[in-house]
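Student: I'd like to ask you about the structure that follows.
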Amino acid sequence: MGDYNEFAKEVKKVTSKRTHKVSGSLGVKDAYNHYRKNRPKEKKFAITESDYFKIIRMLNEVVASQLSKGYEIKLPYRTGSLLVERFKIEPKIDENGKLVFRAPIDWDATLKLWYESPEDRTNKTLIKTEKRDIFKVVYNKKNVNYTNSSLIMFSPTRTLKTKIKEELKEGYIQKNYT
């Protein structure tokens, strides 16, 4: 079947192009078009699209680095805050007497198991993480200053999640339990 890296790429489907399905959402290009239509008419406020995108990228990098270090990011105009929260996951027994453990899947260990044992892959055997502490990026809407706050959400990118995971391994993020 080849080596482990080829197997992992095949299972993760990283050789094909991803399709992102985000609908009903505004992006950076929409923000630039809004800025261009509503900016002051003086020449000093004129900015090219590429410069606007560079500024947005730099701001996103600053926010990502602050989040990955465990700081809370307060958004302007009382629109909430972003933070990394720590949750403790414990196994429980439900009302039917069944063991319930909602830990995330350890995909590295699962892929190694599937590589070594094709039977486990066909049975879709999954290995859960041993860690009891789970970290999530949370959009805190406490004391927000707008209506319909339940319609707004924050979804971190894979890059941000990976960066937070690396910072956790190095021990930069130390948070209390929620």
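FYI, it's all coordinate maths here, none of it is from the lab. Note that this is a predicted model, so its numbers are computed, not measured. Neighbour counts run over all protein chains shown; Cβ positions are idealised from the backbone, glycine included.
Student: Modelled label-to-label distance, LEU126 and ALA31, 7 Å Cα→beta-carbon offset: nm?
Tutor: 3.3
Student: Say a site is exposed when it is one of the chymotrypsin sites (Phe, Trp or Tyr not before Pro), sits in a DSSP loop, and has at most 11 other Cβ atoms within 10 Å; what is then the longest site-free stretch of the chain?
Tutor: Details: sites that count: TYR77, PHE101.
Longest site-free region, per DSSP loop and neighbour criteria: 102-178.
Student: How long is the range 10-111 along each principal axis, judged by its Cα atoms, biggest number first, in Å?
Tutor: 70, 39, 28
Student: Starting from the alpha-carbon convex hull of the range 34-81, give the projected area averaged over all orientations, in nm². Please list the in-between numbers first.
Tutor: On the way: hull surface 17.7 nm².
Approximately 4.4 nm², given one-decimal rounding.
Student: In addition: Let's see if you can work this out: charge +1 on each Lys and Arg Cβ, -1 on each Asp and Glu Cβ, no other charges. What is the dipole magnitude of the range 1-124 about its Cα centre, in debye to the nearest 20? Present the calculation step by step, with values, prior to reporting the outcome.
Tutor: On the way: 26 positive and 18 negative charges, 217 e Å.
With Lys and Arg at +1 and Asp and Glu at -1, about 1040 debye.
Student: In addition: Show which aspartates and glutamates lie in cross-link reach of LYS54 when reach means a straight Cα distance below 17 angstrom and same-chain residues fewer than eight apart are skipped.
Tutor: ASP30
Student: Percent of Cα-Cα pairs more than 28 Å apart in the chain, please.
Tutor: Details: 7445 of 15753 pairs.
Beyond 28 Å sits 47 percent of the P(r) for the chain.
Student: Let me ask another. Taking 45 Å as R0, compute the FRET efficiency from the Cβ-Cβ separation of GLU6 and LYS43 and round it to 0.05.
Tutor: Working: r = 55 Å, r/R0 = 1.23.
That pair, GLU6 with LYS43, gives E of 0.20.
Student: Suppose only helical runs count, i.e. DSSP H with n ≥ 4. What mean residue ellipticity at 222 nm does that imply for the chain under -39500 (n - 2.57) per run, divided by all residues and rounded to the nearest 500 deg cm²/dmol? Walk me through the numbers on the way to the answer.
Tutor: Values: 6 runs with 68 residues, N = 178.
Calculated at 222 nm, the ellipticity per residue is -11500 deg cm²/dmol.
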